[in-house]
Amino acid sequence: MERLDKVVLARMPDFSRSRIEGLIKAGYVTVNGVAADKAGMKVSEADDIVITVPPPVPAVPVPEEIPLLVVYEDDDIVVVDKPPGLVVHPAPGHYSGTLVNALLAHCPTIGSIGGVARPGIVHRLDQDTSGLIVAAKSEPAMLGLAKAFASHDLVEKTYVALCHGRPRLDAGRIENMIGRHPVNRKKMALVDRDGKVAITNWQVAPGAVRPQYPGVTAVVCRIETGRTHQIRVHMASLGCPVVGDAIYGKGALDRTLDPVPPRQMLHAWRLSLWHPVKGEKMSFEAPIPADMAVYMADAPLQPRIDKQTGGNRP
């Protein structure tokens, strides 16, 4: 008996070990007609092992006619209300059908702005997080937005999260470090070292959830930093994970809801920034999407969070 990855490598010596592992994890290697998902699984000479090499992906993203909900656009920036399920830029497993592909079709000149793989992109949203995202359409805008997002002072990002349970306090501020989980590298976690400072100011939005969902609370989060999975990790650290979160959430509680949430209930609700070229203060708001609105009351969300204290803005 031998490890599957060693057998595949022997058959394809021109491939690296990481490339072989990627093929196996992506389901391109079958053992006796069944897709293998572990590089270390044991196989024998009698096993029928079939290796399929997928066609090469384009080095440069190509334009694709994907509908976009454009909130604002001028010669320098475009603000989009991203639907859940849309990946922001090409990455392993998602080389097409991304926001970047859509932007290249919508405004072709964006292809020359910033990096080749992520033209115009200065910040990201998780695939299943909906809401506002801004992209640069000119080099001056790219430089200005990159500086603004790096400073954490010139951009205000406010999210709405539906969470299981209710935090012990009505408002608060979380400041710690987030880094890769020491065991599961696909997850993020609160860490003592080898992480980056993450700051979330949060406030409960009373009356924002329909009475038939007593175990769900709407929380408004204003983030001062933009770490991977930041709000999801921080809400879970309060014992109130985001509803529908398959990584940090509580699947058993999700299944008690009607309807069962189709994705993590997290929405990039408001975005305020200084225009990187015109120097004007601009603010945008994206309506709560339908799959979240089904759990929410008709009353408008009121909290405005001060990033220094976590309390209400006057």
Can you spot the lysines whose alpha carbon is less than 30 Å from LYS38's alpha carbon? Ignore those fewer than 8 places along the same chain. LYS6, LYS25, LYS186, LYS187, LYS250
List the lysines whose Cα sits under 27 Å from the Cα of LYS147, skipping any in the same chain fewer than 8 residues away. LYS82, LYS137, LYS157, LYS196, LYS278, LYS281, LYS307
From the C-alpha coordinates alone, can you work out the Kirkwood hydrodynamic radius of segment 153-314, in Å? 16.3
What range in the chain is the longest one free of trypsin sites (Lys or Arg not before Pro) that are in a loop by DSSP and have at most 15 other Cβ atoms within 10 angstrom? 39-167
Taking the chain, the equivalent ellipsoid from its C-alpha gyration tensor has semi-axes in Å, biggest first, of 37, 27, 18
Calculated over segment 220-269: convex hull of Cα atoms, volume per residue (Å³): 87
Run through segment 57-139 and list the GluC sites (Glu not before Pro) located in a DSSP loop whose Cβ has at most 11 other Cβ atoms within 10 Å. GLU65
Determine the gain in length on full extension of the stretch VAL260-ARG180; use 0.36 nm per residue of separation and subtract their C-alpha separation, reporting nm with one decimal. 25.9 nm
TYR95 to VAL50: extension gain in nm, 0.36 nm per residue of separation minus the Cα-Cα distance? 13.8 nm
Note down the magnitude of the dipole of segment 121-243 about its Cα centre, charges +1 on Lys and Arg C-beta and -1 on Asp and Glu C-beta and zero elsewhere, to the nearest 20 debye. 320
Which residues in segment 92-118 have a backbone N closer than 15 Å to a point placed 7 Å from the Cα of MET12 along the Cα-to-Cβ line? 93
With just the Cα atoms defining each centre, how far is segment 85-111 from segment 247-292? Give it in Å. 20
Positive-end residue, segment 153-314 charge dipole about Cα centroid, Cβ charges, pick of THR225, VAL209, GLN264: THR225
Förster-model FRET efficiency, 35 Å R0, ARG193 and ASP37, C-beta, rounded to 0.05: 0.65
In the chain, which cysteines lack any other cysteine Cβ under 4.7 Å from their own? CYS107, CYS221
Ratio of Rg to Rh for segment 1-131, alpha carbon only, Kirkwood? 1.14
Rounded to whole Hz and in sequence order, give me ³J(HN,Hα) for segment 11-20 from the Karplus expression 6.51 cos²θ - 1.76 cosθ + 1.60, θ = phi - 60°, writing x for Gly and Pro. 7, 10, x, 7, 8, 6, 4, 5, 5, 4
Taking 0.36 nm per residue of separation and subtracting the Cα-Cα distance, what length does fully extending THR109 through LYS147 add? 11.6 nm
When the dipole is taken about the Cα centre of segment 2-51, and only Lys, Arg (+1) and Asp, Glu (-1) are charged at their Cβ, what size is it in debye, to the nearest 20? 200
Counting helices only, and only those DSSP H runs with n ≥ 4, report the 222 nm mean residue ellipticity of the chain as the sum of -39,500 (n - 2.57) divided by its residues, in deg cm²/dmol to the nearest 500. -4500 deg cm²/dmol
Quick check: net charge around ASP74, other residues with Cβ under 9 Å of its Cβ, Lys/Arg +1 and Asp/Glu -1? -1
Applying the Karplus parametrisation 6.51 cos²θ - 1.76 cosθ + 1.60 with θ = phi - 60° to the phi angles of segment 195-203, what ³J(HN,Hα) value in whole Hz is obtained for each residue in order, glycine and proline being reported as x? x, 10, 4, 10, 10, 10, 9, 9, 8
Placing unit charges on C-beta atoms (Lys and Arg positive, Asp and Glu negative, everything else neutral), compute the dipole magnitude of segment 22-179 about its Cα centre in debye, rounded to 20. 480
Give, as a single signed number, the net charge of other residues whose beta carbon lies under 14 Å from the beta carbon of ALA135, with Lys and Arg counted +1 and Asp and Glu -1. -2
Hey, any idea what Rg/Rh is for segment 56-151, computing Rh the Kirkwood way over Cα pairs? 0.93
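Read the figures in this text as sums done on the coordinates, not as results from a lab. All figures in this text were calculated on a predicted structure; none of them were measured in a lab. Virtual Cβ from ideal backbone geometry, glycine too; neighbours counted across all protein chains shown.
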